[in-house]
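Step one of this worksheet: look at the structure below.
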Amino acid sequence: MASLRKRIRGKSLMFEIDFYVDGRRKTIPLGKKYTEKTARELLEVVESLLHCRANNIEVPGKRTVVWVESASPEIRSKLGKAGLIEVPPSHTLKEMWDTFRAWKAEGVKESTAKHYEHTSKRFFLFFQEDEDLASLTKDRMQEWKDCLLKEMATAATASYIKDAKACFNWAVSKGWLTKSPLSGIGVGSFINTKNDRIVPMSDYSRFLDACPCKDWRTILALTRIGGLRCPSEVLELRWEDVNWELDRFYVRSPKTEHHEGKEGRWVPIFPELREELEPLFFDPASEGREFVINRYRDTGQNLRTTFEKIVNRAGLEMFPRPFDNMRMTRSNEVYRKWGAFLESQWIGHSARVREDHYLSITDDDFSSAAAWSVGLGKSGISGGK
(Lines give C-alpha, C1' and ligand atoms only; values in the text may rest on other atoms or scores of the structure.)
Protein backbone atom coordinates (compact mmCIF):
# COMPACT_ATOMS: atom_id res chain seq x y z
CA MET A 1 0.00 0.00 0.00
CA ALA A 2 1.01 3.61 -0.51
CA SER A 3 0.36 6.58 1.73
CA LEU A 4 0.07 10.30 1.17
CA ARG A 5 1.85 12.68 3.51
CA LYS A 6 1.49 16.45 3.74
CA ARG A 7 4.45 18.68 4.53
CA ILE A 8 4.73 22.39 5.20
CA ARG A 9 7.81 23.98 3.65
CA GLY A 10 7.93 27.65 4.47
CA LYS A 11 4.48 28.88 3.58
CA SER A 12 3.86 26.14 1.00
CA LEU A 13 1.92 22.92 1.39
CA MET A 14 3.58 20.02 -0.40
CA PHE A 15 2.93 16.29 -0.67
CA GLU A 16 4.90 13.06 -0.60
CA ILE A 17 3.83 9.56 -1.53
CA ASP A 18 5.49 6.75 0.46
CA PHE A 19 5.48 3.06 -0.45
CA TYR A 20 7.68 -0.03 -0.48
CA VAL A 21 9.17 -1.80 -3.50
CA ASP A 22 11.08 -5.07 -2.99
CA GLY A 23 11.24 -4.34 0.70
CA ARG A 24 12.77 -0.93 0.24
CA ARG A 25 11.03 2.31 1.12
CA LYS A 26 10.47 4.72 -1.76
CA THR A 27 9.26 8.30 -1.74
CA ILE A 28 7.88 10.42 -4.54
CA PRO A 29 8.15 14.08 -3.50
CA LEU A 30 5.84 16.57 -5.19
CA GLY A 31 6.78 20.24 -5.42
CA LYS A 32 4.51 23.11 -4.46
CA LYS A 33 3.13 23.40 -7.99
CA TYR A 34 1.20 20.14 -7.53
CA THR A 35 -2.26 20.30 -5.96
CA GLU A 36 -3.74 17.86 -3.48
CA LYS A 37 -6.06 16.61 -6.22
CA THR A 38 -3.09 15.66 -8.40
CA ALA A 39 -1.34 14.09 -5.40
CA ARG A 40 -4.35 11.89 -4.62
CA GLU A 41 -4.67 10.86 -8.27
CA LEU A 42 -0.99 9.90 -8.29
CA LEU A 43 -1.53 7.94 -5.06
CA GLU A 44 -4.20 5.84 -6.80
CA VAL A 45 -1.88 5.29 -9.78
CA VAL A 46 0.98 4.20 -7.51
CA GLU A 47 -1.28 1.73 -5.69
CA SER A 48 -2.49 0.35 -9.02
CA LEU A 49 1.08 -0.10 -10.28
CA LEU A 50 2.13 -1.74 -7.01
CA HIS A 51 -0.81 -4.16 -7.29
CA CYS A 52 0.22 -5.08 -10.84
CA ARG A 53 3.83 -5.57 -9.75
CA ALA A 54 2.84 -7.81 -6.81
CA ASN A 55 0.56 -9.97 -8.97
CA ASN A 56 2.71 -10.14 -12.15
CA ILE A 57 0.16 -8.21 -14.17
CA GLU A 58 2.00 -6.81 -17.19
CA VAL A 59 -0.61 -4.27 -18.33
CA PRO A 60 -2.35 -2.03 -15.74
CA GLY A 61 -5.96 -0.98 -16.08
CA LYS A 62 -6.92 1.46 -18.82
CA ARG A 63 -7.50 4.30 -16.39
CA THR A 64 -3.98 3.94 -15.00
CA VAL A 65 -2.42 3.72 -18.46
CA VAL A 66 -4.23 6.84 -19.67
CA TRP A 67 -3.24 8.80 -16.55
CA VAL A 68 0.44 7.87 -16.87
CA GLU A 69 0.53 8.65 -20.60
CA SER A 70 -1.01 12.08 -20.04
CA ALA A 71 1.18 12.89 -17.01
CA SER A 72 4.01 15.41 -17.23
CA PRO A 73 7.53 14.17 -18.10
CA GLU A 74 8.52 15.03 -14.51
CA ILE A 75 5.88 12.74 -13.01
CA ARG A 76 6.76 9.91 -15.42
CA SER A 77 10.42 10.37 -14.49
CA LYS A 78 9.58 10.08 -10.76
CA LEU A 79 7.58 6.89 -11.39
CA GLY A 80 10.46 5.54 -13.44
CA LYS A 81 13.06 6.27 -10.76
CA ALA A 82 10.81 4.53 -8.26
CA GLY A 83 10.85 1.42 -10.46
CA LEU A 84 7.11 1.47 -11.16
CA ILE A 85 7.26 2.13 -14.92
CA GLU A 86 9.82 1.97 -17.67
CA VAL A 87 10.92 5.41 -18.83
CA PRO A 88 12.41 5.71 -22.33
CA PRO A 89 15.97 7.10 -22.46
CA SER A 90 16.22 10.87 -22.85
CA HIS A 91 16.72 12.24 -26.37
CA THR A 92 16.58 15.72 -27.86
CA LEU A 93 14.31 16.70 -30.73
CA LYS A 94 17.34 17.26 -32.97
CA GLU A 95 18.65 13.79 -32.15
CA MET A 96 15.30 12.28 -33.08
CA TRP A 97 15.01 14.09 -36.42
CA ASP A 98 18.66 13.52 -37.41
CA THR A 99 18.50 9.80 -36.62
CA PHE A 100 15.13 9.36 -38.28
CA ARG A 101 16.24 11.13 -41.47
CA ALA A 102 19.47 9.12 -41.63
CA TRP A 103 17.45 5.91 -41.30
CA LYS A 104 14.90 7.02 -43.89
CA ALA A 105 17.58 8.11 -46.39
CA GLU A 106 18.58 4.48 -46.90
CA GLY A 107 15.21 3.36 -48.22
CA VAL A 108 13.55 6.32 -49.94
CA LYS A 109 14.13 8.41 -53.02
CA GLU A 110 16.29 11.50 -52.83
CA SER A 111 13.25 13.72 -53.36
CA THR A 112 11.46 12.09 -50.41
CA ALA A 113 14.53 12.49 -48.21
CA LYS A 114 14.65 16.18 -49.12
CA HIS A 115 10.98 16.49 -48.18
CA TYR A 116 11.71 15.11 -44.70
CA GLU A 117 14.59 17.58 -44.44
CA HIS A 118 12.27 20.44 -45.35
CA THR A 119 9.72 19.26 -42.77
CA SER A 120 12.35 19.14 -40.03
CA LYS A 121 13.42 22.70 -40.85
CA ARG A 122 9.80 23.84 -40.63
CA PHE A 123 9.45 21.91 -37.35
CA PHE A 124 12.39 23.75 -35.76
CA LEU A 125 10.95 27.13 -36.63
CA PHE A 126 8.52 26.38 -33.80
CA PHE A 127 10.46 24.03 -31.48
CA GLN A 128 14.00 24.20 -30.06
CA GLU A 129 16.55 21.62 -31.19
CA ASP A 130 17.74 20.88 -27.63
CA GLU A 131 14.25 20.28 -26.21
CA ASP A 132 13.72 16.94 -24.51
CA LEU A 133 11.75 14.63 -26.75
CA ALA A 134 9.71 13.31 -23.83
CA SER A 135 8.64 16.84 -22.87
CA LEU A 136 6.43 17.33 -25.93
CA THR A 137 2.71 17.23 -25.30
CA LYS A 138 -0.32 16.87 -27.50
CA ASP A 139 -1.30 20.47 -26.75
CA ARG A 140 2.02 21.80 -28.05
CA MET A 141 1.75 19.72 -31.21
CA GLN A 142 -1.74 21.12 -31.77
CA GLU A 143 -0.32 24.63 -31.35
CA TRP A 144 2.27 23.83 -34.04
CA LYS A 145 -0.42 22.57 -36.42
CA ASP A 146 -2.55 25.68 -35.79
CA CYS A 147 0.50 27.85 -36.51
CA LEU A 148 1.09 26.04 -39.81
CA LEU A 149 -2.54 26.50 -40.84
CA LYS A 150 -2.20 30.25 -40.31
CA GLU A 151 0.85 30.40 -42.58
CA MET A 152 0.00 28.00 -45.40
CA ALA A 153 -2.66 25.99 -47.19
CA THR A 154 -4.41 23.03 -45.60
CA ALA A 155 -2.81 20.55 -48.01
CA ALA A 156 0.71 21.83 -47.22
CA THR A 157 0.02 21.61 -43.49
CA ALA A 158 -1.24 18.05 -43.91
CA SER A 159 2.00 17.12 -45.65
CA TYR A 160 4.13 18.44 -42.76
CA ILE A 161 1.98 16.76 -40.11
CA LYS A 162 2.12 13.47 -42.02
CA ASP A 163 5.94 13.55 -42.08
CA ALA A 164 6.12 14.51 -38.40
CA LYS A 165 3.78 11.64 -37.48
CA ALA A 166 6.10 9.24 -39.31
CA CYS A 167 9.05 10.59 -37.33
CA PHE A 168 7.35 10.34 -33.94
CA ASN A 169 5.95 6.88 -34.69
CA TRP A 170 9.50 5.81 -35.54
CA ALA A 171 10.66 7.17 -32.16
CA VAL A 172 7.94 5.09 -30.46
CA SER A 173 9.05 1.96 -32.36
CA LYS A 174 12.62 2.56 -31.14
CA GLY A 175 11.51 2.90 -27.53
CA TRP A 176 12.43 6.59 -27.39
CA LEU A 177 8.80 7.42 -26.58
CA THR A 178 5.93 5.51 -25.03
CA LYS A 179 3.38 7.36 -27.15
CA SER A 180 3.52 9.89 -29.99
CA PRO A 181 2.48 13.43 -28.98
CA LEU A 182 0.78 13.64 -32.37
CA SER A 183 -1.50 10.71 -31.53
CA GLY A 184 -5.09 11.86 -31.85
CA ILE A 185 -4.21 14.91 -33.95
CA GLY A 186 -5.58 14.55 -37.47
CA VAL A 187 -3.34 15.10 -40.48
CA GLY A 188 -5.98 17.13 -42.29
CA SER A 189 -6.99 17.24 -45.93
CA PHE A 190 -4.52 17.00 -48.81
CA ILE A 191 -7.17 18.34 -51.18
CA ASN A 192 -6.64 21.94 -52.27
CA THR A 193 -8.64 23.14 -55.25
CA LYS A 194 -7.86 26.83 -54.76
CA ASN A 195 -4.96 26.70 -57.24
CA ASP A 196 -6.62 24.40 -59.78
CA ARG A 197 -6.71 25.79 -63.33
CA ILE A 198 -8.03 24.35 -66.59
CA VAL A 199 -5.47 24.87 -69.37
CA PRO A 200 -7.45 25.05 -72.66
CA MET A 201 -6.01 23.87 -75.96
CA SER A 202 -6.00 27.47 -77.20
CA ASP A 203 -3.49 28.38 -74.47
CA TYR A 204 -1.49 25.20 -75.11
CA SER A 205 -1.17 26.15 -78.79
CA ARG A 206 0.16 29.59 -77.86
CA PHE A 207 2.64 28.02 -75.43
CA LEU A 208 3.98 25.82 -78.25
CA ASP A 209 4.50 28.81 -80.54
CA ALA A 210 6.48 30.54 -77.78
CA CYS A 211 8.76 27.57 -77.03
CA PRO A 212 12.52 28.09 -77.58
CA CYS A 213 13.21 24.56 -78.90
CA LYS A 214 11.77 21.16 -79.85
CA ASP A 215 12.63 19.79 -76.42
CA TRP A 216 10.37 22.32 -74.75
CA ARG A 217 7.54 21.71 -77.23
CA THR A 218 7.78 18.00 -76.39
CA ILE A 219 7.89 18.64 -72.64
CA LEU A 220 4.62 20.55 -72.90
CA ALA A 221 3.07 17.95 -75.17
CA LEU A 222 4.01 15.08 -72.86
CA THR A 223 2.49 16.96 -69.92
CA ARG A 224 -0.61 18.54 -71.45
CA ILE A 225 -1.47 15.84 -74.03
CA GLY A 226 0.22 12.72 -72.64
CA GLY A 227 -0.71 13.48 -69.02
CA LEU A 228 2.79 12.70 -67.71
CA ARG A 229 4.16 13.94 -64.39
CA CYS A 230 6.72 16.65 -64.95
CA PRO A 231 9.66 16.50 -64.49
CA SER A 232 9.92 12.94 -63.07
CA GLU A 233 8.12 10.95 -65.80
CA VAL A 234 8.98 13.33 -68.63
CA LEU A 235 12.73 13.09 -68.03
CA GLU A 236 12.58 9.29 -67.65
CA LEU A 237 11.08 8.75 -71.12
CA ARG A 238 13.46 6.94 -73.51
CA TRP A 239 13.19 6.49 -77.27
CA GLU A 240 13.16 2.71 -76.77
CA ASP A 241 9.91 3.20 -74.79
CA VAL A 242 8.13 4.59 -77.87
CA ASN A 243 6.37 1.98 -80.00
CA TRP A 244 5.49 3.84 -83.19
CA GLU A 245 3.83 0.84 -84.82
CA LEU A 246 1.41 0.20 -81.97
CA ASP A 247 0.76 3.93 -81.36
CA ARG A 248 1.78 3.82 -77.70
CA PHE A 249 4.69 4.51 -75.38
CA TYR A 250 5.75 3.20 -71.98
CA VAL A 251 5.95 5.63 -69.06
CA ARG A 252 8.31 4.74 -66.21
CA SER A 253 6.88 6.18 -63.00
CA PRO A 254 9.39 6.97 -60.22
CA LYS A 255 6.49 8.14 -58.03
CA THR A 256 4.68 4.79 -57.98
CA GLU A 257 7.40 2.25 -58.87
CA HIS A 258 7.68 1.04 -55.25
CA HIS A 259 4.10 -0.31 -55.53
CA GLU A 260 3.84 -3.75 -57.11
CA GLY A 261 2.42 -3.52 -60.62
CA LYS A 262 2.75 0.29 -60.66
CA GLU A 263 6.27 0.53 -62.08
CA GLY A 264 4.93 2.11 -65.25
CA ARG A 265 2.06 2.27 -67.73
CA TRP A 266 1.34 2.37 -71.47
CA VAL A 267 -0.04 5.60 -72.89
CA PRO A 268 -1.42 6.22 -76.40
CA ILE A 269 0.54 8.41 -78.80
CA PHE A 270 -2.27 10.93 -79.16
CA PRO A 271 -2.26 12.82 -82.50
CA GLU A 272 -1.22 16.14 -80.91
CA LEU A 273 1.59 14.32 -79.11
CA ARG A 274 2.84 12.63 -82.28
CA GLU A 275 3.08 16.09 -83.89
CA GLU A 276 5.83 16.95 -81.37
CA LEU A 277 7.47 13.55 -80.84
CA GLU A 278 8.17 12.80 -84.50
CA PRO A 279 10.02 16.06 -85.34
CA LEU A 280 12.20 15.59 -82.26
CA PHE A 281 12.85 11.92 -83.11
CA PHE A 282 13.99 12.74 -86.64
CA ASP A 283 16.02 15.75 -85.53
CA PRO A 284 19.75 14.99 -86.18
CA ALA A 285 20.48 16.17 -82.64
CA SER A 286 18.48 13.20 -81.30
CA GLU A 287 20.50 10.58 -83.15
CA GLY A 288 22.12 8.16 -80.73
CA ARG A 289 20.41 9.73 -77.76
CA GLU A 290 18.88 7.46 -75.11
CA PHE A 291 16.42 9.91 -73.62
CA VAL A 292 13.69 11.85 -75.41
CA ILE A 293 14.45 15.07 -73.51
CA ASN A 294 18.17 15.91 -73.40
CA ARG A 295 18.57 19.65 -72.90
CA TYR A 296 16.96 19.68 -69.45
CA ARG A 297 18.15 16.47 -67.81
CA ASP A 298 19.15 17.98 -64.48
CA THR A 299 16.35 17.07 -62.06
CA GLY A 300 17.37 19.99 -59.89
CA GLN A 301 16.77 22.44 -62.72
CA ASN A 302 13.75 24.66 -62.24
CA LEU A 303 11.64 24.11 -65.35
CA ARG A 304 9.04 26.48 -63.98
CA THR A 305 11.37 29.46 -64.51
CA THR A 306 11.73 28.79 -68.24
CA PHE A 307 8.04 27.96 -68.56
CA GLU A 308 7.15 31.31 -67.03
CA LYS A 309 9.19 32.99 -69.78
CA ILE A 310 7.26 30.95 -72.35
CA VAL A 311 3.95 32.06 -70.84
CA ASN A 312 5.01 35.72 -70.91
CA ARG A 313 6.22 35.37 -74.50
CA ALA A 314 2.84 33.87 -75.40
CA GLY A 315 1.12 36.97 -73.99
CA LEU A 316 -0.66 35.04 -71.25
CA GLU A 317 -0.64 35.20 -67.45
CA MET A 318 1.31 32.72 -65.37
CA PHE A 319 -0.84 30.35 -63.29
CA PRO A 320 -0.22 28.19 -60.17
CA ARG A 321 1.20 24.67 -60.39
CA PRO A 322 1.47 24.80 -64.21
CA PHE A 323 2.59 21.22 -64.89
CA ASP A 324 0.14 19.71 -62.38
CA ASN A 325 -2.70 21.73 -63.89
CA MET A 326 -1.86 20.70 -67.45
CA ARG A 327 -1.86 17.06 -66.32
CA MET A 328 -5.13 17.65 -64.44
CA THR A 329 -6.73 19.17 -67.54
CA ARG A 330 -5.76 16.15 -69.62
CA SER A 331 -7.13 13.85 -66.92
CA ASN A 332 -10.52 15.57 -67.22
CA GLU A 333 -10.51 15.27 -71.03
CA VAL A 334 -9.57 11.58 -71.03
CA TYR A 335 -12.13 10.79 -68.32
CA ARG A 336 -14.95 12.44 -70.29
CA LYS A 337 -13.93 10.84 -73.59
CA TRP A 338 -12.92 7.31 -72.56
CA GLY A 339 -14.24 6.82 -69.03
CA ALA A 340 -12.82 6.09 -65.59
CA PHE A 341 -10.92 2.86 -66.32
CA LEU A 342 -8.80 4.12 -69.21
CA GLU A 343 -8.27 7.46 -67.49
CA SER A 344 -6.75 5.68 -64.48
CA GLN A 345 -4.64 3.42 -66.72
CA TRP A 346 -3.29 6.16 -68.99
CA ILE A 347 -2.90 9.02 -66.51
CA GLY A 348 -1.58 6.68 -63.83
CA HIS A 349 -3.44 7.12 -60.56
CA SER A 350 -6.20 5.51 -58.53
CA ALA A 351 -9.90 6.37 -58.71
CA ARG A 352 -9.65 7.98 -55.26
CA VAL A 353 -6.80 10.27 -56.34
CA ARG A 354 -8.65 11.15 -59.54
CA GLU A 355 -11.80 12.17 -57.67
CA ASP A 356 -9.93 14.08 -54.95
CA HIS A 357 -7.33 15.90 -57.04
CA TYR A 358 -7.99 15.78 -60.78
CA LEU A 359 -11.65 15.91 -61.74
CA SER A 360 -13.16 19.38 -61.87
CA ILE A 361 -16.15 21.21 -63.33
CA THR A 362 -15.38 23.14 -66.52
CA ASP A 363 -17.15 25.93 -68.41
CA ASP A 364 -18.07 23.37 -71.07
CA ASP A 365 -19.97 21.37 -68.44
CA PHE A 366 -22.18 24.37 -67.67
CA SER A 367 -22.66 25.19 -71.37
CA SER A 368 -23.58 21.60 -72.15
CA ALA A 369 -26.05 21.47 -69.25
CA ALA A 370 -27.65 24.77 -70.27
CA ALA A 371 -28.23 23.42 -73.79
CA TRP A 372 -29.54 20.01 -72.73
CA SER A 373 -33.25 19.21 -72.62
CA VAL A 374 -35.11 16.08 -71.55
CA GLY A 375 -38.01 17.00 -73.84
CA LEU A 376 -40.54 18.21 -71.25
CA GLY A 377 -43.85 19.37 -72.64
CA LYS A 378 -45.97 22.21 -71.33
CA SER A 379 -47.41 19.90 -68.73
CA GLY A 380 -43.95 19.30 -67.33
CA ILE A 381 -44.21 15.53 -68.06
CA SER A 382 -41.58 13.76 -70.18
CA GLY A 383 -42.67 13.09 -73.76
CA GLY A 384 -44.16 9.84 -74.99
CA LYS A 385 -47.65 8.40 -74.86
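The values are calculated or read from the model by the stated rules, or taken from the named source; none is laboratory data. Predicted model, so just to flag it, every value in this text is computed and none were measured. Cβ sites come from the backbone with ideal geometry, for glycine too, and all protein chains shown count toward neighbours.
See the values below:
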| item | result |
| --- | --- |
| Index of the failed condition, residue 25 passing every other in (1) without any contact (Cβ under 8 Å) to a residue 24 or more places away in the chain; (2) among the basic types (Lys, Arg); (3) touching a strand residue (DSSP E or B) at 6+ places or on another chain (Cβ under 9 Å); (4) surrounded by 10 or more Cβ atoms within 10 Å (Cβ to Cβ) | (4) |
| Residues of segment 125-137 classified as under 19 Å from residue 169 (Cβ atoms) and touching a Lys or Arg at 6+ places or on another chain (Cβ under 9 Å), total | 3 |
| Near pairs, Cβ below 6 angstrom, 6+ apart or cross-chain, from segment 205-230 (within 16 Å of residue 266 (Cα to Cα)) to any residue that is assigned to a helix (DSSP H, G or I) and β-branched (Val, Ile, Thr) | 222/234; 227/347; 228/234 |
| Residue, surrounded by the most Cβ atoms within 10 Å (Cβ to Cβ), within segment 8-17, restricted to residues that are over 10 Å from residue 43 (Cβ atoms) and modelled with pLDDT of 85 or more | 14 |
| Residue tally, condition part of a helix (DSSP H, G or I) and either in contact with a Pro (Cβ under 9 Å, 6 or more places away or on another chain) or buried (at least 16 other Cβ atoms within 10 Å of the Cβ) (or both), over segment 118-138 | 8 |
| Residue in segment 143-152 that is buried (at least 17 other Cβ atoms within 10 Å of the Cβ), in contact with an Asp or Glu (Cβ under 7 Å, 6 or more places away or on another chain) and assigned to a helix (DSSP H, G or I) present | no |
| Looking only at segment 242-293, and only at residues there that are assigned to a strand (DSSP E or B), basic (Lys, Arg) and over 15 Å from residue 349 (Cβ atoms), the one that is modelled with the highest pLDDT | 248 |
| Residue 354 being buried (at least 16 other Cβ atoms within 10 Å of the Cβ), modelled with pLDDT under 90, under 26 Å from residue 108 (Cα atoms) and charged (D, E, K, R) | yes |
| Residues of segment 275-324 that turn out to be surrounded by fewer than 16 Cβ atoms within 10 Å (Cβ to Cβ), closer than 21 Å to residue 209 by Cβ and among the acidic types (Asp, Glu), as a count | 5 |
| Selection from segment 205-236 of residues that are assigned to a loop (DSSP other than H, G, I, E, B), crowded, with 24+ Cβ neighbours inside 10 Å and not aliphatic (A, V, I, L, M) | 226, 227 |
